[in-house]
Amino acid sequence: ALLVLPAWWPGAAGWGTLGVLGLCALIGWQTLSGVASGAGALRVPVSRRAGGALLALCAALAVTLAGLSALGGGWALLWATFRAGALVFGGGHVVLPLLEPAFVPGLLPEGVFVAGYGAANAMPGPLFTFASYLGAAAAPALGLGAGVGALLGTLGIFLPGALLMLGALPFWSALSGRAGARAALAGVNAGVVGLLLAALYTPVFTGAVRGPADLAGALLAYAALTAGRVPAWVVVPVCAALGWALG
């Protein structure tokens, strides 16, 4: 996992995720042949024909939205979130470096982006809802209403994952039964850990910690979450209030 960190420093394009995970899959395929066998047959109510159609639909939407994004406005927002939702693998935090180049600094200041990430961590539900916040926050710069921006951001981030998951399910049982596929997937899972660490560094650490006071606050918040077991929905608002008071 640490090996992939240098491949994901600031400025890397979102498509670089595929290259990093592809490399990890190759390493896993070659070196992790002893991983456990699959969990048996998985019965799903989706035929292979329907699954193939869903995968084709996802690909067609990606090509169409990539072309329409040149028109700007809602199309650009929908493509930015759709692309991130299609490429992310593993934990939701990996979505951060995929979304940041599309929104910062063209549509949002870095501080607004990082603040939204902190707020999303305090809310129940998946971190993907961060895209709803980004859509609403970036809407004025795109000539959209905040509600429309939030709706497009939500649709774009969730739709590709749903299509890819439902489309791949009919083929998963056969694929997971192959030792090479399991080894490659183990390598990808390890690579995701590296991407998560890289996302923690940038944009979270570089965007939020700008001095000794910020570092002290981050360490205290971490201690409260881990040693004190204080829930995130308490820690995040308290940190926001302290930052406002000190600022």
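Computed quantities for the displayed model
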| item | result |
| --- | --- |
| Test: residue in region 190-211 that is modelled with pLDDT of 85 or more, part of a helix (DSSP H, G or I) and of a type outside the set (A, V, I, L, M, F, W, C) | no |
| Yes/no for Pro160 being in contact with a helix residue (DSSP H, G or I) (Cβ under 8 Å, 6 or more places away or on another chain), in a helix (DSSP H, G or I) and more than 27 Å from Ala70 (Cα to Cα) | no |
| Those residues of region 103-112 which are in contact (Cβ under 8 Å) with a residue 60 or more places away in the chain and either out of contact with any helix residue (DSSP H, G or I) (no Cβ under 8 Å at 6 or more places or on another chain) or open to solvent by 30 Å² or more (accessible area, probe 1.4 Å) (or both), in sequence order | Glu110, Gly111 |
| Check on Ala241, closer than 25 Å to Pro97 by Cα and either out of contact with any Phe, Trp or Tyr (no Cβ under 8 Å at 6 or more places or on another chain) or buried (at least 17 other Cβ atoms within 10 Å of the Cβ) (or both) | no |
| Phe82 vs. criteria open to solvent by less than 30 Å² (accessible area, probe 1.4 Å) and within 17 Å of Leu151 (Cβ to Cβ) | yes |
| Failed item, numbered, when Gly247 is tested on (1) surrounded by 11 or more Cβ atoms within 10 Å (Cβ to Cβ); (2) at pLDDT below 85 | (1) |
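Residues are listed down the side, and each one gets a yes or a no for (1) at pLDDT below 85; (2) under 20 Å from the mean Cα position of the chain (by Cα); (3) surrounded by fewer than 18 Cβ atoms within 10 Å (Cβ to Cβ); (4) in a helix (DSSP H, G or I):
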site	(1), (2), (3), (4)
Tyr133	no, yes, no, yes
Ala150	no, yes, no, yes
Ala184	no, no, no, yes
Gly187	no, yes, no, yes
Leu220	no, no, yes, yes
Pro237	no, no, yes, yes
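The values are calculated or read from the model by the stated rules, or taken from the named source; none is laboratory data. Owing to the predicted nature of the structure, the values given are computational and were not obtained by experimental measurement. Because the Cβ atoms are built from the backbone with ideal geometry, glycine has one as well, and the counts that use them run over all protein chains shown. Remember, those area values only see protein heavy atoms, side chains included, never the ligands or the DNA or RNA. Shrake-Rupley method; radii C 1.70, N 1.55, O 1.52, S 1.80 Å.
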